[in-house]
Amino acid sequence: QVQLVESGGGLVQPGGSLRLSCAASGSGFSIRIMGWYRQAPGKQRDLVAIIDSGDNTNYADSVKGRFAISRDNAKNTVYLQMNSLKPEDTAVYYCLVVLGTLELWGQGTQVTVSS
């Protein structure tokens, strides 16, 4: 059974940086896609960034040039480096891992950007 463990959220001032991590535990699986979504209070869950097994990436327009997604296949881990954070980046960030046709979600980690 595959489990996802997220870490790295917290409180940061505008202009600051945070790095999120999401590790998939278990064995005998091949991860096709890894990514991050976020959900602000009262809003829908939206794509932040995604990376496939060929290291092709896709970003939401609102984070392009500020966020960078990467993955370590040996560790089954995906990272989200977030720079130049803005108050509007405040949300719960969820990790997504796609195994074939199976989608797994992390428990979510809170990111708050405030002075």
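The values are calculated or read from the model by the stated rules, or taken from the named source; none is laboratory data. Owing to the predicted nature of the structure, the values given are computational and were not obtained by experimental measurement. When we count neighbours, we look across all protein chains shown, and the Cβ atoms used for this are built from the backbone with ideal geometry, even at glycine. Areas reflect the complete protein model, heavy atoms only, side chains present, ligands, DNA and RNA absent. Shrake-Rupley method; radii C 1.70, N 1.55, O 1.52, S 1.80 Å.
Determine which lysines satisfy two conditions relative to K43: a Cα distance under 27 Å, and not lying fewer than 8 residues away in the same chain. Reachable lysines: K64, K86. Summing Cβ point charges (Lys, Arg +1; Asp, Glu -1) relative to the Cα centre of the chain gives a dipole of roughly 120 debye.
Dividing the Cα convex hull volume of the stretch 53-101 by residue count, how many Å³ per residue is that?
Looking at the stretch 53-101, the number lands at 105 Å³ per residue.
What would the Debye formula give as log10 I(q)/I(0) at q = 0.10, 0.13, 0.19, 0.21 Å⁻¹ for the alpha-carbon point model of the chain, no solvent? Values returned for q = 0.10, 0.13, 0.19, 0.21 Å⁻¹ are -0.27, -0.45, -0.94, -1.13.
Only one residue of Y94, I50, L11 has its Cα farthest out toward the positive end of the dipole of the chain, where Lys and Arg carry +1 and Asp and Glu -1 on Cβ, and that residue is L11. When the accessible area of the chain is split by element with a 1.4 Å probe, what percent falls to carbon and sulfur? Within the chain, the accessible surface is 46 percent carbon and sulfur.
For the chain, a Gaussian network of Cα nodes joined below 10 Å ranks N58, N83, N73 by mean-square fluctuation, and the top entry is N73.
Accessible surface for the stretch 52-115, divided over its residues, is 51 Å² per residue with a 1.4 Å probe. Extension gain for S17 to L47 (0.36 nm times residue separation, less C-alpha to C-alpha distance): 8.9 nm.
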